[in-house]
């Protein structure tokens, strides 16, 4: 550590350039991770807030709640830990406001999902003409008491409350009543819900034409969810590999330049262990300094970032990414170690 | 018993038509309290002898004893320990670590070898004798060649070794500086009871030596 710190302090420009590179890489990885998490959460926020373990859909709906319809006979009587959900994709419009694509979710006020909803302002809907909207609609100018239409239909709805973290498929959610959902679905007879969700992991309707999925399996099948996550994971993975290569190349060049010095130390009986430790310590210190810089930039970004940008900051996840980058630094530092161990003291003694 | 004894050492490099015998039955001993000079032209085998004497190269035949024990009886790790604790090297090109100040060059030794180094007062005295006590906060690139050489000598003496092996320590020095370094090596040998062995082709050092060997075509003969 002594040698590493001394060299970094003496070679300020060279060290700063390496640290600057790591700052940019770590910042990019942090931003991508936060963006990936934010987008993933916007797919599942609403479902996550229900704390359900099972989703029952029409067996022919291709695990897509939007395409699932359940009849009264299929649903039957439900236990207390199960609830019906009616999903409809809607375009929200109000006079003087920007049109917004949203997901309408019809709930039964007597069931646990509606009961457990957290209201940030206003109240929960009690009539078919009332909705509880996600907070993000406020950013589009909607407020308590705003009168809206859905899909251009004549019926008017009033926003009576707002709730936070209500997003599904990256669209804001409007919670309403089941009768409102049935209206949106054209009032088809005998239609009870899109899905039944339950807090029990073993819940099944047991009726023909229905199938139960774990919430995790249901989320994986959300449109675009897996592809989007894999894309981000691939980008983050590539950036990790790029950071490994950059660190390894820099450490290799730095080490090659120091081999004559190391050879002298070997002549003087300095164990190669000390030189290996110095190389690894230097690599870790440079990466750690880069991570600190990347974190500072991330915090500034988080403060300055508009709320519409779907970013979420998870300290455990970002810490894991940071540890991953440190591991890359360690591996990158290990690459020139073989040369350090093999350095021949005779190379510095003239012939 | 001499501090360092080289006995019947032969060194051969290469094989077949490329075979070169660099050292021929070399015998030589360095006593504590003496400055021993090995002089000879470039390519005569001086440095090869120095690397063998320092345990950096194993001779084709013959043996080297330090404090009565042969290198052949020691493992590579033990030889490393020997170089760390009992042998100080002064190299031709100084090779001070460029990112360490003069003071840090000694701190590094403290970190690797926390005990047995010169006490602070003794180090200060040594640095004063060498005329570099004022340079503690300087980096090597801020020092002249002569100053760097004296720091390298102090660095070699700091672990208080029994033996000091120096490779062309005056190669880059002018005449007045050669006189200073020669006198200093002589005084170090006598005052601190070190066995100092210098390989050089610089005959200006001859007057300071207690024993002089001449190396020619790999054959060593004592001339003083």
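The values are calculated or read from the model by the stated rules, or taken from the named source; none is laboratory data. All values derive from a computational prediction rather than experimental measurement. For neighbour counting, all protein chains shown are included, and Cβ atoms are generated from backbone atoms with ideal geometry for every residue, glycine included.
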message = Can you tell me which of (1) facing chain A (nearest Cβ under 9 Å); (2) farther than 21 Å from residue B:163 by Cα; (3) at pLDDT 90 or above is the one residue B:97 doesn't meet?
response = (3)
task = For the range A:293-317, name all the residues that are surrounded by 15 or more Cβ atoms within 10 Å (Cβ to Cβ) and over 25 Å from residue A:134 (Cβ atoms).
result = A:293, A:294, A:295, A:297, A:298
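Determine which member of the set A:196, A:264 is in contact with a strand residue (DSSP E or B) (Cβ under 9 Å, 6 or more places away or on another chain) and either part of a loop (DSSP other than H, G, I, E, B) or closer than 20 Å to residue A:338 by Cα (or both). Please lay out each step first, then the result.
Working: A:196 fails: either part of a loop (DSSP other than H, G, I, E, B) or closer than 20 Å to residue A:338 by Cα (or both).
Result of the check over A:196, A:264: A:264.
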remark   = The residue from A:206, A:290, A:237, A:224 that alone is closer than 30 Å to residue A:58 by Cα and modelled with pLDDT of 85 or more is A:224
request  = Check the range A:307-318 and report whether any residue there is assigned to a helix (DSSP H, G or I), away from chain B (no Cβ under 14 Å) and touching a residue at least 60 places away in the same chain (Cβ under 8 Å).
outcome  = yes
query = When you go through B:165, B:220 one by one, which is the residue that is in contact with a strand residue (DSSP E or B) (Cβ under 7 Å, 6 or more places away or on another chain), crowded, with 17+ Cβ neighbours inside 10 Å, assigned to a strand (DSSP E or B) and within 14 Å of chain A (Cβ to nearest Cβ)?
reply = B:165
query = Does the range B:83-92 hold any residues that are touching a helix residue (DSSP H, G or I) at 6+ places or on another chain (Cβ under 8 Å) and facing chain A (nearest Cβ under 7 Å), and which are they?
reply = B:83, B:84, B:89, B:91
Qualifying residue in the range B:11-28 (condition: surrounded by 14 or more Cβ atoms within 10 Å (Cβ to Cβ), under 20 Å from residue B:82 (Cα atoms) and under 19 Å from the mean Cα position of the chain (by Cα)) = yes
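Taking residue B:108 as the residue in question, decide whether it is within 11 Å of chain A (Cβ to nearest Cβ), surrounded by 18 or more Cβ atoms within 10 Å (Cβ to Cβ) and in a loop (DSSP other than H, G, I, E, B). Talk me through it step by step, then tell me what you get.
Details: within 11 Å of chain A (Cβ to nearest Cβ): yes; surrounded by 18 or more Cβ atoms within 10 Å (Cβ to Cβ): yes; in a loop (DSSP other than H, G, I, E, B): no.
In short, no.
Residues A:46, A:4: which one is on the phi < 0 side of the Ramachandran plot, in a helix (DSSP H, G or I), more than 14 Å from chain B (Cβ to nearest Cβ) and in contact (Cβ under 8 Å) with a residue 60 or more places away in the chain?
Of the residues listed, the single one that is on the phi < 0 side of the Ramachandran plot, in a helix (DSSP H, G or I), more than 14 Å from chain B (Cβ to nearest Cβ) and in contact (Cβ under 8 Å) with a residue 60 or more places away in the chain is A:46.
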remark   = Filter the range B:38-56 for residues that are more than 8 Å from chain A (Cβ to nearest Cβ) and touching a helix residue (DSSP H, G or I) at 6+ places or on another chain (Cβ under 6 Å); the one that is farthest from residue B:74 (Cα to Cα) is B:40
request  = Pick out the one residue from B:133, B:122 that is more than 25 Å from residue A:4 (Cα to Cα), more than 12 Å from chain A (Cβ to nearest Cβ) and out of contact with any helix residue (DSSP H, G or I) (no Cβ under 7 Å at 6 or more places or on another chain).
outcome  = B:122
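Do we find that residue B:210 is over 23 Å from residue B:84 (Cα atoms) and touching a residue at least 60 places away in the same chain (Cβ under 8 Å) in this structure?
Yes; evaluated as a whole, the condition is true for this residue.
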query = Somewhere in the range B:57-74, is a residue at the interface with chain A (Cβ under 8 Å from one of its Cβ atoms) and under 15 Å from residue B:164 (Cβ atoms)?
reply = no
